[in-house]
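Participant: Let me give you the structure first, and then I'll get to my questions.
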Amino acid sequence: MRFTRLFISAAFLVTASAWNADAKPKYVGVDGCKCHKSEIADWERSAHAKAFDLLSPGKKETKKKKANLDPDKDYSSDSKCLQCHSIGYKEDGGFTDISSTPKLSGVGCEMCHGPGSEYRQIHKEKTTRFTRAEVKAAGQKFGSVDPEVCNSCHKHKDNPFRNDNFDVKEALKDSRAFHKLYPLEGNH
């Protein structure tokens with residue numbers, strides 16, 4: 001009987017581990033990143049934090065008119081807009097709508113760094129004693145290193161404000177857009 005329990009327990013652990021290996025990282029929202037106090041404080045004041053609000057009627061009227069958009073229209077449920085103005089739109093666990101997933105509205109941390117459940121766990125367990133390779137393997141992206149992270153929205157074909165001359169390196173100099181690039185601590 002004891003051998004049977006041990007075998008069943010071992011089989012369960014192997015099955016659970018195999019299932020978790022196939023599981024995709026999940027979105028945690030900005031609240032999952034609150035231990036980065038300086039970055040969050042910068043972000044809360046940023047244009048990216050307020051990106052969802054721009055979809056409301058009456059916001060940025062002149063720019064909307066210039067892009068042939070109706071400034072009086074509510075774009076907060078337009079899928080072409082939501083792919084860049086919310087976190088994980090149309091992805092498992094991502095933004096659905098403002099009433100059911102409000103903490104995934106706007107351009108939050110995971111738009112630039114990827115779904116946080118897996119790499120967040122590494123941050124919690126190892127604080128600053130992890131390598132960039134470890135967290136990248138767990139799904140973390142670095143918008144300041146990979147220009148495609150920013151270009152995926154700023155140069156997207158559906159972006160009515162698209163700027164093919166958008167320069168990520170220049171944009172990263174303006175910390176009013178997201179957060180200041182703080183030096184990394186530890187071995188990463």
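The values are calculated or read from the model by the stated rules, or taken from the named source; none is laboratory data. None of these values were measured; they are calculated from a predicted model. Every residue, glycine as well, gets a Cβ built from its backbone with ideal geometry; the counts of neighbours run over all protein chains shown.
Participant: Under 7 Å between Cβ atoms, which residue pairs at least 6 apart in sequence (or on different chains) link something in the range 74-86 that is under 12 Å from residue 54 (Cβ atoms) with a partner that is in a loop (DSSP other than H, G, I, E, B) and β-branched (Val, Ile, Thr)?
Facilitator: 76/98; 85/107
Participant: Would you mention how many residues in the range 25-46 are touching a Phe, Trp or Tyr at 6+ places or on another chain (Cβ under 8 Å), farther than 14 Å from residue 107 by Cα and buried (at least 17 other Cβ atoms within 10 Å of the Cβ)?
Facilitator: So the count comes out to 1.
Let's see how each residue does on (1) of a type in the set (A, V, I, L, M, F, W, C); (2) at pLDDT below 85; (3) within 15 Å of residue 39 (Cβ to Cβ):
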{"position": "91", "(1), (2), (3)": "no, no, no"}
{"position": "95", "(1), (2), (3)": "yes, no, no"}
{"position": "99", "(1), (2), (3)": "no, no, no"}
{"position": "114", "(1), (2), (3)": "no, no, no"}
{"position": "138", "(1), (2), (3)": "yes, no, no"}
{"position": "144", "(1), (2), (3)": "no, yes, yes"}
{"position": "156", "(1), (2), (3)": "no, no, no"}
{"position": "168", "(1), (2), (3)": "yes, no, no"}
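Participant: Another question about this same structure. Among the residues of the range 27-49, is any more than 30 Å from residue 128 (Cα to Cα), of a type outside the set (S, T, N, Q) and in contact with a Cys (Cβ under 6 Å, 6 or more places away or on another chain)? Even if it seems obvious, please write down each step before you answer.
Facilitator: Quick first cut of the range 27-49, residues more than 30 Å from residue 128 (Cα to Cα) only: none.
No; the residues of the range 27-49 include none that is more than 30 Å from residue 128 (Cα to Cα), of a type outside the set (S, T, N, Q) and in contact with a Cys (Cβ under 6 Å, 6 or more places away or on another chain).
Participant: Out of the range 71-83, which residues are part of a loop (DSSP other than H, G, I, E, B) and either surrounded by 14 or more Cβ atoms within 10 Å (Cβ to Cβ) or touching an Asp or Glu at 6+ places or on another chain (Cβ under 9 Å) (or both)? Walk me through it before giving the result.
Facilitator: Applying the first criterion (part of a loop (DSSP other than H, G, I, E, B)) to the range 71-83 yields 71-78.
71, 72, 75, 76, 77, 78 - these are the residues of the range 71-83 that are part of a loop (DSSP other than H, G, I, E, B) and either surrounded by 14 or more Cβ atoms within 10 Å (Cβ to Cβ) or touching an Asp or Glu at 6+ places or on another chain (Cβ under 9 Å) (or both).
Participant: So how many residues does the range 84-101 have that are surrounded by 13 or more Cβ atoms within 10 Å (Cβ to Cβ) and more than 11 Å from the chain's Cα centre (by Cα)?
Facilitator: Here the count works out to 6.
Participant: Suppose the filter is in a loop (DSSP other than H, G, I, E, B), more than 20 Å from residue 138 (Cβ to Cβ) and either in contact with a helix residue (DSSP H, G or I) (Cβ under 9 Å, 6 or more places away or on another chain) or touching a residue at least 40 places away in the same chain (Cβ under 8 Å) (or both); does residue 90 pass it? Give the steps one after another, and end with the answer.
Facilitator: On the way: in a loop (DSSP other than H, G, I, E, B): yes; more than 20 Å from residue 138 (Cβ to Cβ): yes; either in contact with a helix residue (DSSP H, G or I) (Cβ under 9 Å, 6 or more places away or on another chain) or touching a residue at least 40 places away in the same chain (Cβ under 8 Å) (or both): yes.
Yes, satisfied.
Participant: Also, quick follow-up: Select the helices (runs of 4 or more DSSP H) contained entirely in the range 103-181, then report the ones holding at least 1 residues which are within 15 Å of residue 27 (Cβ to Cβ) and touching a helix residue (DSSP H, G or I) at 6+ places or on another chain (Cβ under 9 Å).
Facilitator: Values: elements: 109-113, 117-126, 132-137, 147-154, 168-171.
Those helices (runs of 4 or more DSSP H) span 109-113, 117-126.
Participant: Can you say whether residue 15 is modelled with pLDDT of 85 or more, more than 27 Å from the chain's Cα centre (by Cα) and assigned to a helix (DSSP H, G or I), as far as the supplied structure shows?
Facilitator: Values: modelled with pLDDT of 85 or more: no; more than 27 Å from the chain's Cα centre (by Cα): yes; assigned to a helix (DSSP H, G or I): yes.
No.
Participant: Would you be able to say whether some residue in the range 105-127 is more than 21 Å from residue 146 (Cα to Cα) and aromatic (Phe, Trp, Tyr)?
Facilitator: So far as the range 105-127 goes, no, none of its residues is more than 21 Å from residue 146 (Cα to Cα) and aromatic (Phe, Trp, Tyr).
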